[in-house]
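What follows draws every value from the coordinates through simple rules; no lab data is involved. The structure displayed is predicted, hence computed values, not measured ones. When we count neighbours, we look across all protein chains shown, and the Cβ atoms used for this are built from the backbone with ideal geometry, even at glycine.
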Amino acid sequence: MAELRWNPILQEWVVVAAQQGKRPVLPVEKDCPFCPGKPETGTGNWSVLHLPNMFPALMENPPKPDIESDEFYQVKPSKGACEVLLYSPEHNTTFQQLSVDHIGKIVEMWVDRTKELGAKKEIEYVFIFENTGREIGVSLDHPHGQLYAFPFIPRKIHRELDSAKQFMEKRKQCLFCNVLDKEKADGRRVVLENSSFTAFIPFFATWPYGIHLYPNRHLQSLLDLTDIEKRDFASILKAIRSKYDNLFGFRLPLVMGFHQSPTKAKYPYYHFHVEFYPVHRARDKVKYLAGVELGTDTFLNPTNPEEKAKEMREVEVK
């Protein structure tokens, strides 16, 4: 079963992907499908590599839906793409252990995949992300991220677009640029910055150590980055990930997600950014989503963003 089902209450598509339950779970290194020489990766030399996901929720040629669509309960084929983005042929390395030059190759892969998949007529949104850690549900340890190319704009992105458009129409300014200006002027929640990017735990943070990373220049997607910005992007991502792992002395479980503009129209009021969702609220405590959060989509942050940003600023980058 692989199909899209419309939720008429929340006005959003749900991806039904029963085949994902067949994914391998934590194979030993010799059986890792992402290591060089395996049928999935081939025998050629590579430093970064993109592969089709073997258990995709979205696919180029999806099967006919199992359920028949009607006017109220709409069903569509799960048209799109799911890819695995391999960071390195080395099984036992991590993103933050890679050199800035190597991460620069990953950035170029992100840009290339966004450009190629975003050009397909059925693709409305390209979402790049990484899951790290057992608490997140990672099933393969080889360093990698993922990409979902959607035939629709996900609801959270829709909400950001709507807010940004309303702010632009009312204030004639970018909503995200205003957030960035406020954070830089205040300074208490800024974690680190370079000439092209600023990383901060926002005033409205939902996750205790949840950094947001904004480009200092107003741009809409990965495709707008200059060569200098790509280098600075690689550098600050490496530093952020290093800080996370040095915060408590272990590899911090987290999700890293890229929010960029949709592919089929111009969104001059949008602003590319990266959001991190680390699940720990303390060294030995995980922030679980509680009933009120799952039931209402209202987050409860049990920490102070200013204090957590200070902690992160003081963590050494190694």
Worksheet item: What length, rounded to one decimal in nm, is gained on full extension from Q173 through to A119, with 0.36 nm per residue of separation minus their alpha-carbon distance?
Response: 16.6 nm
Worksheet entry | Fewest-first sequence of S78, S195 by Cβ atoms within 10 Å of each Cβ | S195, S78
Worksheet item: Taking square-rooted eigenvalues a ≥ b ≥ c of the alpha carbon gyration tensor, is region 183-318 rounded, prolate or oblate, where a/c under 1.5 means rounded and, failing that, a/b exceeding b/c means prolate?
Response: oblate
Item to complete: Express the relative contact order of the chain as a whole percentage, based on alpha carbon pairs under 8 Å and six or more residues apart in sequence.
Response: 18
Worksheet item: If you rank D284, D181 by fewest surrounding Cβ atoms within 10 Å, what's the result?
Response: D284, D181
Fill in: Residues T93, T296 arranged by fewest to most Cβ contacts within 10 Å
T296, T93
Item to complete: Note down the relative contact order for region 141-234 as a percent, whole number, built from C-alpha pairs under 8 angstrom at least six residues apart.
Response: 17
Response to the item:
Calc'd 3J(HN,Hα), region 94-103, phi into Karplus 6.51 cos²θ - 1.76 cosθ + 1.60 (θ = phi - 60°), Hz, glycine/Pro = x, comes to 10, 3, 6, 7, 6, 6, 4, 4, 5, 4
Item to complete: Return the subset of K79/K165; K156/K182; K266/K308 for which the Cα-Cα distance in this structure is over 30 Å, preserving the input order.
Response: K266/K308
Practice prompt. Evaluate E = 1/(1 + (r/R0)^6) for E135 and R155, where r is the Cβ-Cβ distance and R0 equals 22 Å; express this FRET efficiency to the nearest 0.05.
Written response: 0.35
Worksheet item: What is the Cα coordinate range of region 231-274 on the first, second and third principal axes, sorted by size from largest, in whole angstrom?
Response: 44, 22, 14
Response to the item:
By the C-alpha gyration tensor axes a ≥ b ≥ c (rounded if a/c is under 1.5, else prolate when a/b exceeds b/c, else oblate), the shape of region 52-93 is prolate
Item to complete: Pop out the ³J(HN,Hα) list for region 286-297 in order, Karplus 6.51 cos²θ - 1.76 cosθ + 1.60 with θ = phi - 60°, rounded to Hz; leave Gly and Pro as x.
Response: 9, 8, 7, 6, 8, x, 5, 6, 5, x, 10, 6
Worksheet entry | Over 18 Å [Cα-Cα, region 199-262], rounded percent | 44
Worksheet item: Taking a quarter of the surface of the Cα convex hull of the chain, what do you get in nm²?
Response: 17.4
Discussion item. Expected output is a single nm value to one decimal: the length gained when fully extending between N92 and F203, i.e. 0.36 nm times separation in residues minus the C-alpha distance. What is it?
Written reply: 36.4 nm
Worksheet item: Assuming a viscosity of 1.306 mPa s and a temperature of 10 °C, what translational diffusion coefficient in µm² per second does Stokes-Einstein assign to region 47-140, Rh being the Kirkwood radius over Cα pairs?
Response: 101
Worksheet item: What translational D, rounded to a whole number of µm²/s, comes out for region 1-67 from Stokes-Einstein when the hydrodynamic radius is the Kirkwood one over Cα pairs, at 20 °C and 1.002 mPa s?
Response: 146
Worksheet item: Relative contact order (percent) for region 1-105, with alpha-carbon contacts under 8 angstrom and 6 or more residues of separation?
Response: 31
Discussion item. List the residues, sorted by chain then number, that are 5 or more residues from T198 or on another chain and whose placed amide H is less than 5 Å from its amide H.
Written reply: Y214, N216
Practice prompt. Using R₀ = 51 Å, calculate the FRET efficiency as 1/(1 + (r/R₀)^6) where r is the Cβ-Cβ separation of R217 and K64; round to 0.05.
Written response: 0.65
Practice prompt. Pop out the ³J(HN,Hα) list for region 127-133 in order, Karplus 6.51 cos²θ - 1.76 cosθ + 1.60 with θ = phi - 60°, rounded to Hz; leave Gly and Pro as x.
Written response: 10, 9, 7, 9, 9, 10, x
